[in-house]
Amino acid sequence: MQQLNLLLTSLPDGLLLGFVYGLAAMGLTLIWGVMNVINLSHGPIITLGMFSTFFIYTRLGLNPYIGVLPIALVGLLLGILIYTAAVHRVINGPHLSSLLATFSVNMIIIGLGTAALTTSPYNVDFSAGSFKLGNATILGTRIIAAIVTLAFTGGLYLFLYRTRPGKFIRAVANNRAAAELMGVPSTRILALSFGIGTMLAAVAGGLIATFFPFSILSGSGYELKSFVIGVLGGLGNPIGALFGGLILGILEGIIPAFIESSWVPVIEFVLFIFILLVRPSGLFGAKK
Amino acid sequence: MKRSSTILTIVLILGLLLAGCGGNPPTEKPPEPAAPTQVESSVPAQEQPTTPPQPKEVTVVIGFTSSLTGAQEVSSKRQVNGLNLWMQQVNDAGGIKLSDGTVVKFKAVTYDDESNKERVQELYTRLITEDKADFLISPYSSGLTAAASIIAEQNGKIMITAGAAEDDAYKTGNTSLFQLYTPGSQYLLSTVDMLKTLDPSAKIAIVHENDKFSTAVVEGLKPYLAEQGFEVVLEEGYASDTTDFGPIINKIVDSGATVLLGGGHYPDGSTFARQLYERKAGLKFISLLVAPADSKFPELGEAALGIATSSQWELSATHTPEEAAALGKEFYGPTGQEFAVAYETMTGDKPTYHVAGGYTAGLILQKAIEEADSVDPEEVRTALEAMDIFTFWGGVKFDISTEAHGLQVGHDMVVAQWQKNEVGELKRLVIWPADVATIQPLYPIPSP
Amino acid sequence: MNAWKKHLGIVLPLLTVTALALWPVVTDNPANRESVFTILKAVALASSLNILLGYTGYVSFGHIVFYGFGGYVGIYLLTEKGWSLGEALLAGGVASGLLALLLGSAILRLRGAYFALATIGVNEAMRAFINNFELFGGPTGITLKFSVYKEYGGAAQALQTAFYIGAGLALLALILSYMVRSSKFGLGLLAIRENEDAAEVMGVVTPRAKTWAYVLSAIIPGMVGVLFFFKNGNVEPHDAFPLHSSIELLVMVMLGGQGTVFGPILGAFAYQGMRGYLVTSPVFKDIQLSVSGVLLLVIVLFIPAGAIGWLRHRIPPLRRLLA
């Protein structure tokens, strides 16, 4: 009974956090789906999003949510830049090259970030209020973040299914060679996809910054979570990633009700391996 | 085009090879040829007072790594600042004058250990053999120090440890470490004493980072709580990279706890404190390790109010010559105010206990050299083992038994809490022990 | 004569590692010894990883799990059960081999990125588990008593001994790597790398071959783990399973040239040497990570086959020498 109570208290919170986890993972899984690249610069880009929020709120004194659109735009451009500079040349190379290329981008961003910002923690002292729902405390920042996530998910869905470039992206993901034959400008589409992927990661970082303190090294934890979520929802399936994020958020919320919280990562990663073995296409993917 | 890419490639490969072979230049040049060991061998100091004084200057090299990057950065940098301040002061004052007329000055050589154990041993070996370090200061954190201590022991170098509180490293049978901090297992004992007077019926939740230092603190805390008759309603470890403390806080509230003791290091501690505030956990008292002792902590805003910490040293409760006199011990070095003013002049920042720790590490080395009247490691070691003094940092005395050689036994901790002053600024004030407290504990913490 | 010529490929790797190991002995400089130990450790780990990554074509992101797990088992037996260093080293190797055998039969069914992700999961799950596992000291880990070193002639002598053992393990790793490469078993692995389904059709029992490659690539990292933690005097969960080092190993293998015997040695030497230089260099100290990143990126973009792969491709007469 006590556990049930605790579970109900932690559930809404985990769920809301799950939206943002999902948004970050969506970026990772989109890039994987379109070009079979595991983007190892995902974590640092999330961190850059966090610091953008910090500067917008703490240095410019603006509401952090005003920053969402500029962060998205900068994320998009940064992604296109990374693709052009580091990924394009190796996109058809041996399967490992793209891993190494994105890992070097990871090192470059973290190195410059460390020199400029040090590895000290930063905090965005922002609050959007809170209210009680039964025993649970619901934080305003998490509600707003969930709404922003839903807006981005909806926007991404419309973009992929209703617009011309979006359809091109899906065509390239499906079969790049065939898409090229049909006249799809594949290089530009790949760059755009990479840009959208990093945009989602940066926005997610910007939102997470309103919840937790962070440092330049924080991104790697969220990158790992994005891997787990990507697999839960099916790699290459952006909408699945949102559900994967929700599942992870809920798990993180309710597992501590039953056992010590230091066991959370054990359960998370064992589940991750289990899903990979049993349903590599994800919980929502078609069964092979 | 093709040719140019070939050339580029060859250059790159050559570059790689060169990089691999390249020697690693030290951060600073090795000291002048005047090696300190020559001094003591030529002049067995006090026994031959008739030797004509030859004013000669030796430079003692102090080697250490610090975490310029990585998880331990915040506290590590403060420790280095403190040490640098001491060194600057002693050198500006003309160094230490030994009885044979030798003037001892100091110089630091340091590398970045990246808060990572992989290269710590490599770097300390380099400090000793390439940079000819005479004395060592420990890295920040217990894990890094444990690895470095083996190199110190191997080379017979004295290592004064600051920021390496966990007890285990001193119980391995080594004889080179000298600990400045009160050991980890005693960190929270004075907090328990205080609770005993404030609220003996408090229900305690122990929630701590699942790492070496914090676990050692908790292991020392639990038996003492039981001895004092407190009820522990929750004991929980969390992973070091935890960011969402929501479920844990729900668990604390659910357990009916009124007091929280725990935390870990800076990143997780500040995250924890912020969420305790946001979620209106309604606890009467919260004590977290390390994080609230840092001057960055008020960046959390209102969330910092009422958070307490065990502190190795606080300016407002600094130790005084009068205190030393009452105990019949010698007071050595500057007063706390003098130290604080000098530090603020140098950095514009208020000193924390990590700064004071770094400074005192240098200060006791200075004292030991003066006592030994020599820079010979063995004589300095003997002086350290015999040391029983008072500084602004408090008592300094080492365990010299073989079971726990070098463990600090002379130093006590204080409890400090973030409270608001008349103009509403957050200040970290000493609330315990009662005789040095500058203000009453804020108990219970007002609900937000 | 012919037999000698046939085995020309091992000459250069052997010479390089031996020269590396002798350098600190000749210069009699402990600082060199420590730097070389870091490099030899990387050589042993990268050469082992190469058996799986380079020959079989399976990208393991979490190979460091064998280093950590073997290390923990060995140190536990050494401190708690009073085993000697030699026995502990063997036990660490065996433990890692068994772990690979167990894991391999499950996760080697996955291909490409799915396998890579599973290895990350294994490493993280293991780290989180050990952090909660009281027998291995949980979060505090295990601290060695100094009396342990007394059996090996004190701390100074023990570090020297550890260095020789480290050199031995590096040599062992490259001999193992060479033997696999030049055996029929190795040919089977190369076939799997090129096309797993075709290899199966040609008669390679792929699940068994892959599992053995995995086991072989796990044993030496387990032993290196025991040695490193013995030398370091303590082991904690976050030092034993650093995911970042796992990725650095991939980088080393790729830099030098995957699938060659000499490549990982060159890669480990270059990468560790470069990081060691940059981290202590006054000029690059602050941005050393970025400098490493830029260098790596340039190499990945312009010499994707790694240094040895590129040389083999450019200068065919060298192929026999640069196996």
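The values are calculated or read from the model by the stated rules, or taken from the named source; none is laboratory data. All of these numbers come straight from a predicted model, not from anything done at the bench. Note that each Cβ is placed from the backbone with ideal geometry, even for glycine, and that neighbours are counted across all protein chains shown.
So the values come out like this:
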| read-out | value |
| --- | --- |
| The range C:26-78 - residue that is not hydroxyl-bearing (Ser, Thr, Tyr) and not in a helix (DSSP H, G or I) and, of those, farthest from C:PHE129 (Cα to Cα) | C:ASP28 |
| Sole exception among (1) touching a residue at least 60 places away in the same chain (Cβ under 8 Å); (2) in a helix (DSSP H, G or I) for B:ILE252, by number | (1) |
| Helices (runs of 4 or more DSSP H) contained in the range A:135-238 and holding at least 1 residues over 17 Å from the mean Cα position of the chain (by Cα) and over 17 Å from A:VAL68 (Cβ atoms) | A:140-162, A:164-174, A:176-181, A:186-208 |
| Tabulated pairs, the range C:308-319, first outside any helix (DSSP H, G or I), second surrounded by 14 or more Cβ atoms within 10 Å (Cβ to Cβ), C-beta under 9 angstrom, 6+ apart or interchain | C:ILE315/C:LEU322 |
| Identity of the residue in the range C:239-262, within 12 Å of chain B (Cβ to nearest Cβ), more than 13 Å from the chain's Cα centre (by Cα) and assigned to a helix (DSSP H, G or I), that ends up surrounded by the fewest Cβ atoms within 10 Å (Cβ to Cβ) | C:HIS244 |
| Residue list for the range A:213-246, filter: away from chain C (no Cβ under 12 Å), crowded, with 22+ Cβ neighbours inside 10 Å and among the hydrophobic types (A, V, I, L, M, F, W, C) | A:PHE214, A:ALA241, A:LEU242, A:LEU246 |
| Residue check for A:ALA179: away from chain C (no Cβ under 14 Å) and in contact (Cβ under 8 Å) with a residue 40 or more places away in the chain | no |
| Selected residue (criterion: nearest to the other protein chains (Cβ to nearest Cβ)) from residues of the range C:286-302 that are surrounded by 23 or more Cβ atoms within 10 Å (Cβ to Cβ) and among the β-branched types (Val, Ile, Thr) | C:VAL300 |
| Residues of the range C:165-208 classified as under 22 Å from the mean Cα position of the chain (by Cα) and either part of a loop (DSSP other than H, G, I, E, B) or touching a residue at least 40 places away in the same chain (Cβ under 8 Å) (or both), total | 22 |
| From the options C:VAL283, C:VAL279, C:VAL215, residue that is more than 9 Å from chain A (Cβ to nearest Cβ) and at pLDDT 90 or above | C:VAL215 |
| The range A:74-112: number of residues that are among the hydrophobic types (A, V, I, L, M, F, W, C), outside any helix (DSSP H, G or I) and more than 7 Å from chain C (Cβ to nearest Cβ) | 1 |
| Residues of the range A:117-147 classified as surrounded by fewer than 19 Cβ atoms within 10 Å (Cβ to Cβ), hydrophobic (A, V, I, L, M, F, W, C) and closer than 24 Å to A:ASN63 by Cα, total | 8 |
| Filter result for the condition that a residue is within 14 Å of chain C (Cβ to nearest Cβ) and outside any strand (DSSP E or B), over B:PRO267, B:PRO200, B:PRO223, B:PRO247 | B:PRO267 |
| Qualifying residue in the range A:259-276 (condition: surrounded by fewer than 18 Cβ atoms within 10 Å (Cβ to Cβ), in a helix (DSSP H, G or I) and at pLDDT below 90) | no |
| Conditions (1) modelled with pLDDT under 90; (2) out of contact with any Ser or Thr (no Cβ under 8 Å at 6 or more places or on another chain); (3) surrounded by fewer than 21 Cβ atoms within 10 Å (Cβ to Cβ); number of the one not met by B:GLY282 | (2) |
| Some residue of the range C:128-149 being farther than 29 Å from B:SER240 by Cβ and hydrophobic (A, V, I, L, M, F, W, C) | no |
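Residues checked against (1) surrounded by 19 or more Cβ atoms within 10 Å (Cβ to Cβ); (2) of a type in the set (S, T, N, Q); (3) under 19 Å from B:ALA324 (Cα atoms):
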residue	(1), (2), (3)
B:PHE398	yes, no, yes
B:THR402	no, yes, no
B:GLN408	yes, yes, yes
B:VAL415	yes, no, no
B:GLU422	no, no, no
B:GLU425	no, no, no
B:ILE445	yes, no, no
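Condition check ((1) free of Cβ contacts under 8 Å to residues at least 24 places away in the same chain; (2) closer than 19 Å to B:SER311 by Cβ) across all residues:
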{"residue": "B:ILE369", "(1), (2)": "no, no"}
{"residue": "B:ALA372", "(1), (2)": "yes, no"}
{"residue": "B:LEU384", "(1), (2)": "no, no"}
{"residue": "B:ALA404", "(1), (2)": "no, no"}
{"residue": "B:LYS420", "(1), (2)": "no, yes"}
